[in-house]
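First the structure, in the form of structure tokens, and then the observations on it.
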Amino acid sequence: MTQQPRINVPALKKAIIEATGPGKKMSRRKLSLLASGGKNPDLVRDLINRGQDKKVTVETLTGLASALERDHSDFLLGSPSAPVGAIRISVVGKVEAGAWRESEEWPEEDRYEIEVMPSPFASSERFGLRVEGYSMDKLFLPGTILDCFKLYGADGLTPEPGDVVIVQRRRGALIETTCKRLERLADGAFQLRAESTRPEFAEPIPIGAPSEEHFGDDETTIIGIVNAAVTPLLNRRAS
């Protein structure tokens, strides 16, 4: 994604200082380990004392916010009108994480809403899809709801290698969709790869090279980027 959220580093550093140190609930080392998944015990020290605050990534912010039990949006610079709490998006259909499947958007009366966290890409339209199939089961299982950005019409938001994407394929009048990881090859072409425990999904799907107007080949187009995966405790729509 080419559009990057702006991080309020002074607010983040203030929250870290207030939460760590003598008499506080955790040390900076403990916070560093929690935020980095045990990988970097010096994360907080480098950020506070070693001038690394200009290199704070969204991944680092997310880890620190979670360890501090804060919402990551507390540390983003954005529009005053941007939501600060959970918002609702509509689950509009399902997507096959496996073989190609005929595209299906549910009728209005069958759609339902779920709560998701605000996005740093506030201008991007979002929608939900229910996963079916096992080609991405290392990331999410059937029944998971994918919180997706609609690709076209989202200001400045374009797919990048590493994104999990929603892909549409046209075959005459037939329109099919699937969900895969986007990869770029050495020659600049792109392919879609499953992340599955099942060997039948191992073969990647080539989709050619993108242009500014069209991201895909003559048959295959990326129509959405997955922002998050939500595991519902209750499916509001009968299968």
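The values are calculated or read from the model by the stated rules, or taken from the named source; none is laboratory data. This structure is a prediction, so every number in the text was calculated from the model and none was measured. Please note that ligands, DNA and RNA were not included when accessible areas were found on the heavy atoms of the full protein model with its side chains. Shrake-Rupley method; radii C 1.70, N 1.55, O 1.52, S 1.80 Å.
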Amide H contacts under 5 Å for S135, restricted to residues at least 5 apart in sequence or on another chain and with H modeled in the peptide plane, are A97, G98
Solvent-accessible ranking of T60, T231, largest area first, probe 1.4 Å: T231, T60
From the convex hull of the Cα coordinates of the stretch 129-191, what is the mean projected area in square nanometres? 5.8 nm²
HN-Hα J in Hz across the stretch 14-22 - Karplus 6.51, -1.76, 1.60, θ = phi - 60°, x for Gly and Pro: 4, 5, 5, 4, 5, 9, 10, x, x
Members of K30/K180; K13/K150; K39/K150; K39/K180; K94/K180 lying beyond 24 Å, as alpha-carbon distances in this model show: K30/K180; K13/K150; K39/K150; K39/K180
